[in-house]
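Notes follow once the structure below has been shown.
The values are calculated or read from the model by the stated rules, or taken from the named source; none is laboratory data. What you see is a predicted model; the values in this text were computed from it and never measured. Using ideal geometry, Cβ is built from the backbone for each residue, glycine included, and neighbour counts are taken over all protein chains shown. These accessible areas exclude ligands, DNA and RNA; they are computed on the full protein's heavy atoms, side chains included. Shrake-Rupley method; radii C 1.70, N 1.55, O 1.52, S 1.80 Å.
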Amino acid sequence: MANFDKSKAYAPQEQETAFFDDGREIELLHFIYSHPDLDRIRGSPKNVLAAIDEYGRTKKYLMNVGEDKGRIVTDLIAEVKPQTMVELGGYVGYSCLLFGHALLASSGPSAIYYSLERNPEFAAVITSLVDLAGLSSTVKVVVGSSDESLHRLHASGSLTKIDLMFLDHYKPAYTTDLKLCEELGLVTIGSVLAADNVIKPGNPPYLEYVRSSVQEKRAKAGEKGEGGGKAKGIPEKNVKMYEKRFGEARFSQSKGNPNLVYESRLVNSFEPTGVPDGVEITRCVSEEK
Ligand SMILES: C[S@@+](CC[C@H](N)C(=O)[O-])C[C@H]1O[C@@H](n2cnc3c(N)ncnc32)[C@H](O)[C@@H]1O
């Protein structure tokens, strides 16, 4: 994996074209379960990841976090040693396998990785591959819209604090879900956030929020209309694609906790297609009263 050639990472005819949900996710399962090396793949998160990469390289594009940006988050896991990690948007489980494996290695068998995925077919693919990789006791796949799942996990007492959260779902929901986590006390002092795709396709409302001072957030929290959906500055193509698949998006209306102080910085990186992107790393360092 060290000499990975990005230009060969994904089927070239489909680079830049975020096709999904045309049956390729189930086709991926058939590809892996009929793989000549299945015995080597079974029980090995690394080999399951390599098989997903092989499918993406030789068959069809898959919208996975990929190796470059993945390393930013696995380094963060090694540093933070989270006991509870949450990802918003699991797709076929690439990030879940990569980060779930890193979590087990850094934090031990008591650590839990929640993968929140709205599409039940994608969630079933994740569950199957997590089982194949032998990570079922670390990873919990939660089916449903992220805001509803966060509410449910909190209400059941399963989730009380998020040590590390990977945001990789519907771009306008990054800010609204973060505010919901703040309001529920899930994101608090010590929590760390890693937000993907803040350059490609971009997420100006999220970057503005996590880079704002407490005073700026307090002033905005009082404004009329705050707390609603925020697609401003996010490419329309991205918003339309989501609405076509899921219908009109619903957003948490939470006002969050503007008193939380964040330190935030961009780490530049690349999409698996070779396109420049970045991951925003945000640490909640204190709370102003
Ligand atoms: C870019 S893909 C995630 C890729 C995955 N994190 C990886 O790197 O392997 C985005 C996923 O978010 C899911 N999604 C979109 N909106 C969501 C929501 N509100 N709640 C949960 N999942 C959502 C989509 O169904 C899709 O599978």
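Under the Karplus relation 6.51 cos²θ - 1.76 cosθ + 1.60, θ = phi - 60°, what is the ordered set of whole-Hz ³J(HN,Hα) values for the range 45-58, x standing for Gly and Pro?
For the range 45-58, the Karplus-derived couplings read x, 4, 6, 5, 4, 5, 5, 5, 4, 4, 4, x, 6, 9 Hz, x marking Gly and Pro.
Any idea of the accessible area per residue across the range 17-287, 1.4 Å probe, to the nearest Å²? Walk me through the numbers on the way to the answer.
Values: 11190 Å² over 271 residues.
Counting only protein heavy atoms, the per-residue value for the range 17-287 is 41 Å².
Using DSSP loop states and a limit of at most 10 other Cβ atoms within 10 Å to flag GluC sites (Glu not before Pro), what is the longest stretch of the chain containing no flagged site?
Maximal segment without exposed cleavage sites: 1-222.
Considering only DSSP beta bridges whose two residues both sit in the range 17-287, what percent are antiparallel, to the nearest 5?
Details: 15 of 33 bridges.
Bridges in the range 17-287 that DSSP calls antiparallel: roughly 45 percent.
Over 24 Å between Cα atoms, which of K217/K289; K161/K217; K179/K220; K200/K244; K220/K244; K220/K240 qualify?
On the way: K217/K289 13 Å; K161/K217 22 Å; K179/K220 13 Å; K200/K244 20 Å; K220/K244 31 Å; K220/K240 27 Å.
As for pairs spanning more than 24 Å Cα to Cα, those are K220/K244; K220/K240.
I need the Debye-formula profile for the range 17-287: one equal scatterer per C-alpha, no solvent, reported as log10 I(q)/I(0) at q = 0.09, 0.13, 0.17 1/Å, two decimals.
Values, matching the q order: -0.38, -0.82, -1.46.
Which residues' amide hydrogens lie under 5 Å from the amide hydrogen of S269, considering only partners 5 or more residues apart or on another chain, with H built in the peptide plane?
Hits under the 5 Å cutoff: D277, G278, V279.
At 1.4 Å probe size, with no ligands or nucleic acids counted, give the accessible surface of H30 in Å², nearest ten.
It works out to around 130 Å².
Report, by chain and number, residues whose modeled amide H sits under 5 Å from the one on V261, excluding near sequence neighbours (fewer than 5 apart, same chain).
Here the answer is V285, S286, E287, E288, since their amide H atoms fall under 5 Å of that of V261.
If you roll a 1.4 angstrom probe over the protein chains with everything in place, what fraction of the accessible area of the range 17-287 belongs to carbon and sulfur, to the nearest %? It would help to have the intermediate numbers written out before the result.
Values: 5920 of 11190 Å².
C and S fraction of accessible area: 53 percent.
Each residue of the range 155-161 in order: what ³J(HN,Hα) in whole Hz does its phi give by Karplus 6.51 cos²θ - 1.76 cosθ + 1.60, θ = phi - 60°, with x for Gly and Pro?
3J(HN,Hα) across the range 155-161, in whole Hz: 5, 7, x, 5, 10, 10, 8.
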